[in-house]
Every structure is written in C-alpha cells, then in structure tokens.
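Take a look at the structure below.
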C-alpha cells in the first residue's frame, strides 16, 4: 500500500497563505471580471514573490487558475495590417487628417492603407513608427 505524501502548512507560511486565500479565494475563474481581479492579485503577489513560501504557493495556484481559464477561451485572431495604425490613432486621440499633417503622408494613401486597399511602404512604416514612437522593426503582432 502506497501512502500519499503529507502536505501541510505551518507557521508563517500557513498564516500568509491563509490570509491571501481569505482575501481572494482560490476558485475556478468563470468570467472576465474575475479574471481581471485575479490578474490584479497576481501583480501584487509577483511583487512579493520569493519573500514567503505561502505567497509563492498562492501565486502558483492562482497562476494555474488563470492559465486554465485562458486556455478555455478562443484564441485572439491575428489583426490586419490596418488594425495597428487604426488602434494607434484611437489611442493617441488623433484623426487621419492629423496623422497626414504630422507625417507628410498623403490623405489618400493613409485612407487606402486603413481600408486594406494598399500595402505599407517602407517609408510609410518609418514615418508612422516615428510618429507613434514605436520600433519599426518589430512585427505588428507584438504591439
């Protein structure tokens, strides 16, 4: 007969782990709201990682719960080339006209690129990367 290894928490490890679990119970994640809350807790735990075995144990368990939830969700589909500058325009709060004035790229060119009717030229990529302050050598999927 094989005996299961004994697992127990004692002392400071037990106290910190129980404190964390009482503050944020370790339960299956079933919503985006719970995921966001779990990620906020993970951020705080990561800052304390390695300082306490109870914290590390809670961090591991919560990371596993987040991973299970994310693995069950459909993957995020790749975006088109036009989605990236559209996102940057929205994030920066500027219009296509503002972008054209600032970069010197013709309005028709920007419009055609954003509508997927024209590919980016290397010069346009450099101008847009400079304007939006991003590295032109990193693939769009990394933004």
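Computed from the coordinates by the stated procedures, all read-outs in this text should not be read as laboratory data. This structure is a prediction, so every number in the text was calculated from the model and none was measured. Methodologically, a virtual Cβ is constructed for each residue, glycine included, from the backbone with ideal geometry; neighbour enumeration extends over all protein chains shown.
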Can you run the Rg to Rh ratio on region 100-141? Use alpha carbon positions and the Kirkwood inverse-distance Rh. 0.95
Diagonalise the Cα gyration tensor of region 11-72 and give the resulting equivalent ellipsoid semi-axes, square root of 5 times each eigenvalue, largest first, whole Å. 21, 11, 10
For the chain, what does -39500 (n - 2.57) per DSSP helix run (n ≥ 4), summed and divided by total residues, give at 222 nm, in deg cm²/dmol to the nearest 500? -19000 deg cm²/dmol
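Over 24 Å apart: what share of the alpha carbon pairs of the chain falls there, rounded to a whole percent? Write down the numbers at each step before the final one.
Working: 5705 of 10153 pairs.
Pairs farther apart than 24 Å: 56 percent.
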How do 76, 46 rank when sorted from fewest to most other Cβ atoms within 10 Å of their own Cβ? 76, 46
In nm, the gap between the two label points placed 7 Å beyond Cα toward Cβ at residue 112 and residue 60 is 5.8 nm
Could you work out the Kirkwood radius for region 58-141, taking every pair of different alpha carbons, averaging 1/r and inverting it, reported in Å? 14.9 Å
